Amino acid sequence: MSTGSIVEAATALRPLISDHRRAGELRARLSDEVIKAVGKAGLFRMFAPKEAGGLEVTPTDAFNATVEISAADPAVSWLIVNSMAPCIMSALIPEAERKAMFAKPDRNFGFSAVALAEATPVEGGYRLTGSWPVVSGCDDALWCALAGRVMEGGEMRMNSHGRPDVRLFLVPTKDLEIVQTWQDAAAMRGTGSNQVNASEVFVSEVMACVPGSPPVIDRPMFRGSPTAITLPIFAAVAVGVLKGAIEAASEEIKSKVSSVTGKALRDQTETQIAVADANAALRAIHAGSLEVYARAWEYTSRGEAVPNEIKAELYSSSFYAGDVARAMISNLYTKGSRAAFMQGHALERCLANIHAIIAAIDARRSFHHSAGAVMLGGEPLEPSF
């Protein structure tokens with residue numbers, strides 16, 4: 001598959017994803033049909049090395065493909081974006097281990113960047129013990145990338161930069177315990193984000209990855225800060241949810257009559273403004289995010305470090321896109337049909353999902369603060385900026 005066709009593939013999958021969305025919500029896990037189709041299209045390996053069957057798509061294509069999938073069901077795109085880090089980390093490990101990770105290349109990966117577990121050094125690697133309360137798609141994943149803190153003598157080990165030694169441990173899912181905790185989730189139910197536990201799981205040294213370290217496969221996608229590559233794609237999920245909300249609201253508003261005013265909703269001034277503002281916001285955050293993402297990629301693709309000034313624009317655009325999408329969806333929800341107040345309505349789903357998505361992205365909000373500091377002539381406070 002060419003990189004340009006990944007957006008077409010994502011667009012073509014929207015009807016199938018929409019048809020199975022409710023089923024995924026009811027079982028708190030995506031349907032097998034969706035997992036199979038999305039995997040076959042290559043969407044779980046957009047950021048994987050070509051040597052492993054990955055596509056190594058351009059950031060622009062990855063962003064636009066994620067928007068299309070998110071407009072149909074952000075639970076699906078959440079498994080796609082959570083597969084990014086494991087795919088990128090696979091470029092840091094030896095060929096034999098990489099082949100094992102992609103023995104079945106169409107599968108998604110579980111991922112948690114929350115370093116709640118502890119890794120104790122042993123001969124040849126580490127013993128990993130701990131819990132990760134939210135690991136999306138873990139039931140369908142054959143491998144998980146899980147953050148953990150390296151401990152020595154009961155204290156956290158520091159790396160060469162004087163910071164805590166936090167790594168991403170690549171672990172076969174069969175070595176982990178999955179606890180079914182997601183059935184009561186009110187948002188993003190299809191992600192199947194259950195709890196994962198590890199008890200003294202051995203992870204070899206080569207599978208204990210340090211993000212940003214020199215890759216074995218030295219190409220642009222795998223150099224530099226993983227955050228600069230991945231954070232905008234998380235923002236693309238929010239952009240896609242807004243797109244889906246606008247489509248759903250516009251379709252319904254065209255045919256509804258207010259039971260209060262007796263006027264068609266499409267003829268009410270506040271509703272018209274809400275839809276117009278949402279459309280304008282969608283175009284602005286989509287174009288703005290893509291513009292700076294492409295500029296940052298120009299540096300990376302040349303093997304050059306992305307200047308902090310451009311990173312500041314990149315990170316601020318990503319957070320702004322999410323915040324604007326949340327505000328616009330909330331406005332559409334209040335200005336549209338009262339039917340949206342019912343459970344399972346398209347706008348009700350969008351409202352719940354966008355808040356859950358932004359809550360997850362907020363874990364990296366320090367990059368937003370640091371972006372402002374850089375724009376004001378200061379230094380970023382976030383160590384991995």
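The values are calculated or read from the model by the stated rules, or taken from the named source; none is laboratory data. For clarity, every value in this text was computed on a predicted model and none was experimentally measured. In this analysis, Cβ positions are derived from the backbone assuming ideal geometry, glycine residues included, and neighbour counts consider all displayed protein chains.
See the values below:
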item	result
Selection within segment 220-237 - on the phi < 0 side of the Ramachandran plot and outside any helix (DSSP H, G or I)	Arg223, Ser225
Among the candidates Ile233, Ile217, Ile229, residue that is among the β-branched types (Val, Ile, Thr), touching a Leu at 6+ places or on another chain (Cβ under 9 Å) and not assigned by TED's automatic domain parsing to the domain that holds Val57	Ile217
Any hit, segment 156-169, residues being surrounded by 17 or more Cβ atoms within 10 Å (Cβ to Cβ), in contact with a helix residue (DSSP H, G or I) (Cβ under 9 Å, 6 or more places away or on another chain), at pLDDT 95 or above and not assigned by TED's automatic domain parsing to the domain that holds Ala325	yes
Scan of segment 17-60 for residues that are farther than 30 Å from Ser301 by Cα, acidic (Asp, Glu) and either in contact with a Lys or Arg (Cβ under 9 Å, 6 or more places away or on another chain) or modelled with pLDDT under 95 (or both), ordered by number	Glu25
Residues (more than 19 Å from the chain's Cα centre (by Cα), of a type in the set (A, V, I, L, M) and either in a loop (DSSP other than H, G, I, E, B) or within 21 Å of Leu26 (Cα to Cα) (or both)) located in segment 156-200	Leu176, Ile178, Val179
Selection within segment 272-290 - more than 14 Å from Ala245 (Cα to Cα), more than 19 Å from the chain's Cα centre (by Cα) and surrounded by 14 or more Cβ atoms within 10 Å (Cβ to Cβ)	Gln272
Any chance Ser255 is surrounded by 15 or more Cβ atoms within 10 Å (Cβ to Cβ) and without any contact (Cβ under 8 Å) to a residue 40 or more places away in the chain	no
Spans of helices (runs of 4 or more DSSP H) in segment 69-143 with at least 2 residues among the small types (Gly, Ala, Ser)	74-82, 95-101
Contacts under 9 angstrom Cβ, first residue in segment 33-47 being under 14 Å from Ala12 (Cα atoms), partner part of a loop (DSSP other than H, G, I, E, B) and hydroxyl-bearing (Ser, Thr, Tyr), 6 or more apart	Leu43/Ser83
Long-range neighbours under 7 Å by Cβ, at least six apart or interchain, first residue closer than 13 Å to Ala48 by Cβ within segment 81-100, second polar (S, T, N, Q) and not in a helix (DSSP H, G or I)	Ser83/Asn108; Leu92/Ser213
Residue match in segment 48-60 (condition: within 21 Å of Tyr293 (Cα to Cα), crowded, with 22+ Cβ neighbours inside 10 Å and over 18 Å from the mean Cα position of the chain (by Cα))	yes
Exclusive hit being in contact (Cβ under 8 Å) with a residue 40 or more places away in the chain and part of a helix (DSSP H, G or I), set Gly303, Gly244, Gly288	Gly244
Residue selected from segment 1-11 under the condition free of Cβ contacts under 8 Å to residues at least 12 places away in the same chain and in a helix (DSSP H, G or I), by the criterion nearest to Thr58 (Cα to Cα)	Ser5
Segment 17-32: number of residues that are part of a loop (DSSP other than H, G, I, E, B), touching a residue at least 60 places away in the same chain (Cβ under 8 Å) and small (Gly, Ala, Ser)	1
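One line per residue, one yes/no per condition, for (1) surrounded by 12 or more Cβ atoms within 10 Å (Cβ to Cβ); (2) in contact with a Phe, Trp or Tyr (Cβ under 7 Å, 6 or more places away or on another chain); (3) within 16 Å of Gly212 (Cβ to Cβ):
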residue: Leu146; (1), (2), (3): yes, yes, no
residue: Arg149; (1), (2), (3): yes, no, no
residue: Gly153; (1), (2), (3): no, no, no
residue: Leu176; (1), (2), (3): yes, no, no
residue: Asp184; (1), (2), (3): no, no, no
residue: Ala187; (1), (2), (3): yes, no, no
residue: Gly192; (1), (2), (3): yes, yes, no
residue: Ala198; (1), (2), (3): yes, no, no
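Let's see how each residue does on (1) at pLDDT 95 or above; (2) within 15 Å of Val216 (Cα to Cα); (3) surrounded by fewer than 24 Cβ atoms within 10 Å (Cβ to Cβ):
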{"residue": "Ala71", "(1), (2), (3)": "yes, no, no"}
{"residue": "Ser77", "(1), (2), (3)": "yes, no, no"}
{"residue": "Val81", "(1), (2), (3)": "yes, no, no"}
{"residue": "Cys87", "(1), (2), (3)": "yes, yes, no"}
{"residue": "Ile93", "(1), (2), (3)": "yes, yes, yes"}
{"residue": "Ala103", "(1), (2), (3)": "yes, no, yes"}
{"residue": "Asp106", "(1), (2), (3)": "yes, no, yes"}
{"residue": "Phe109", "(1), (2), (3)": "yes, no, no"}
